[in-house]
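Everything on this sheet refers to the single structure shown next.
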Amino acid sequence: MKRPGLIVALLMLIQSHSAAAGEKAQLSTVLSSGTPPAGVVFEIVGGDADSLHAAIGRTQTYRDQLRAKFPALQFEVITHGMEQFSLMKDKTEQYVALHRQVRSLARDQNTPLMVCGAFADMNGVSKNDFPDFVTVTDQAPAAIEDYRYRGFTVIEMDMR
């Protein structure tokens, strides 16, 4: 008996474990370094509101580990897939915990979160559709490259 749904689910599980292993390897590289990078960007791509919520939780854990070793390290979170739309103002009631988590990240934990303005615009969403605790950058990929140029390490979190 064929079970294509089960096969797809298993493949997705394997891919998510692989992506998490990549994140941990990138984190380990920074932690094992004797000198800190200029900062760390957590790049979140793909997924939906649930995966964004999980990714934000992991960024907080990683950030805490990094900050324990490098207290002055600067952090940014950039998300530029479909998941960014769960952060719109009109989604606050639907994703209360996620909005609370991101607001705390930005305001209380000094870790700003950016979304991609170009991708938002392509989907008919204005920067004004996001709350004030979310920064809308013109183009997330360009912002990420700018951070790399400035000496930041980018930890890629593929949530697909």
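Points worth noting:
- Cβ-based charge dipole, the chain, positive-most Cα from Q65, Q109, Y95: Q65
- Note on segment 4-158: dipole from Cβ charges, positive end direction compared against V136, F119, T29; the farthest Cα belongs to T29.
- Applying a length cut-off of 18 Å (Cα extent along the axis) and a mean Kyte-Doolittle floor of -0.5 to the DSSP H helices of the chain leaves 4-32.
- Share of pairwise Cα separations in the chain, more than 22 Å, in percent: 43
- Test item: Cα-centred dipole of the chain, Lys/Arg +1 and Asp/Glu -1 on Cβ, debye: 500
- Relative contact order (%) - criterion: Cα under 8 Å, at least six apart; region: the chain: 34
- When DSSP beta bridges are restricted to pairs lying wholly in the chain, around 0% turn out antiparallel.
- At 1.306 mPa s and 10 °C, Stokes diffusion of segment 96-160 via Kirkwood alpha-carbon radius, µm² per second: 121
- Derived scalar couplings between HN and Hα for segment 73-89 equal 4, 8, 10, 9, 10, 10, 10, 9, x, 4, 4, 5, 6, 6, 9, 5, 3 Hz in order, rounded to whole Hz, by the Karplus curve 6.51 cos²θ - 1.76 cosθ + 1.60 (θ = phi - 60°), x for Gly and Pro.
- Whichever aspartates and glutamates have a C-alpha closer than 13 Å to that of K89, once near sequence neighbours (fewer than 8 apart) are set aside: D129, D132
Each value in this text was obtained by applying a stated rule to the coordinates, not by laboratory testing. Model, not experiment: these values are computed from the prediction. Positions of Cβ are backbone-derived with ideal geometry, glycine not excepted, and every protein chain shown enters the neighbour counts.
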